[in-house]
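Structure incoming, see below.
The values are calculated or read from the model by the stated rules, or taken from the named source; none is laboratory data. Computed from a predicted model, the values in this text were never measured in an experiment. Because the Cβ atoms are built from the backbone with ideal geometry, glycine has one as well, and the counts that use them run over all protein chains shown.
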Amino acid sequence: MAPFWEKTTLEQLTPDQWEALCDGCGRCCLQKLRHPTTGKVQYTWVACYLLDIETCRCTDYALRHILVPDCLALTAATIPALRWLPRTCAYRLVAEKKPLPPWHPLISGDPRSVQTAGISVRDRAISEQFVHPDDLESFYTQERF
């Protein structure tokens, strides 16, 4: 029998299935800058202040959109247009009808496999609490997400 993410569209997922798709990498919580000429989105290593860098989970998930007005709610309708989502993002992969990678916790059965695979921002990101907004460009990452 096929797993839920292979037989269900994003629109059909239950809330528990939706949350289970998140691999906990924390990449979507990194600050991003848009190049003024090309419009290309580039990631930094600066994370939202609500992201717990050790667990890569939001410290106030229920209120994140109130506390951080720029926090974008991922929905089945918005995901296809969010080209900046990491290529490894399960929501993006499901929307594109692509398989989840072997390190994804739903495949590996291990919630730490995202760290082991080097996908997580754990121990690499810095909270925006410690970065002046004018210095954000100094934290560009060369990695392609």
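Can you tell me which residue among Arg83, Arg57, Arg27 is in contact with a Pro (Cβ under 6 Å, 6 or more places away or on another chain) and either among the small types (Gly, Ala, Ser) or under 20 Å from Ile119 (Cα atoms) (or both)?
Only one candidate qualifies: Arg27.
Under 8 Å between Cβ atoms, which residue pairs at least 6 apart in sequence (or on different chains) link something in segment 23-37 that is within 15 Å of Thr88 (Cα to Cα) with a partner that is part of a strand (DSSP E or B) and of a type in the set (D, E, K, R)?
Gly24/Arg57; Gly26/Arg57
Can you tell me which residue is modelled with the lowest pLDDT among those in segment 28-85 that are part of a strand (DSSP E or B) and of a type in the set (Lys, Arg)?
Arg34
Taking segment 112-126, which residues are over 15 Å from the mean Cα position of the chain (by Cα) and touching a residue at least 24 places away in the same chain (Cβ under 8 Å)?
Of everything in segment 112-126, those that are over 15 Å from the mean Cα position of the chain (by Cα) and touching a residue at least 24 places away in the same chain (Cβ under 8 Å) turn out to be Asp123, Ile126.
Go through (1) free of Cβ contacts under 8 Å to residues at least 40 places away in the same chain; (2) crowded, with 17+ Cβ neighbours inside 10 Å; (3) of a type outside the set (Asp, Glu); (4) touching a helix residue (DSSP H, G or I) at 6+ places or on another chain (Cβ under 8 Å) and name the single condition Leu85 misses.
(1)
Have a look at Leu13, Leu50 and point out the one that is within 26 Å of Asp134 (Cβ to Cβ), of a type in the set (A, V, I, L, M) and either exposed (fewer than 12 other Cβ atoms within 10 Å of the Cβ) or in contact (Cβ under 8 Å) with a residue 12 or more places away in the chain (or both).
Answer to the check: Leu50.
Search segment 96-117 for residues being under 14 Å from Glu6 (Cβ atoms) and of a type outside the set (D, E, K, R), and hand back the single one that is surrounded by the most Cβ atoms within 10 Å (Cβ to Cβ).
Checked segment 96-117; the qualifying residue surrounded by the most Cβ atoms within 10 Å (Cβ to Cβ) is His104.
For segment 123-131, state whether one or more residues are at pLDDT 95 or above and out of contact with any strand residue (DSSP E or B) (no Cβ under 9 Å at 6 or more places or on another chain).
Among the residues of segment 123-131, at least one is at pLDDT 95 or above and out of contact with any strand residue (DSSP E or B) (no Cβ under 9 Å at 6 or more places or on another chain), which makes the answer yes.
Can you pull out the residues in segment 54-63 that are surrounded by 17 or more Cβ atoms within 10 Å (Cβ to Cβ) and touching a residue at least 60 places away in the same chain (Cβ under 8 Å)?
Cys56, the sole residue that qualifies.
Among the residues that make up segment 52-59, is at least one of them of a type in the set (Ser, Thr, Tyr) and under 15 Å from the mean Cα position of the chain (by Cα)?
yes
Only one of these conditions is not met by Asp110: (1) at pLDDT below 95; (2) in a loop (DSSP other than H, G, I, E, B); (3) within 17 Å of Leu21 (Cβ to Cβ). Which number is it?
(1)
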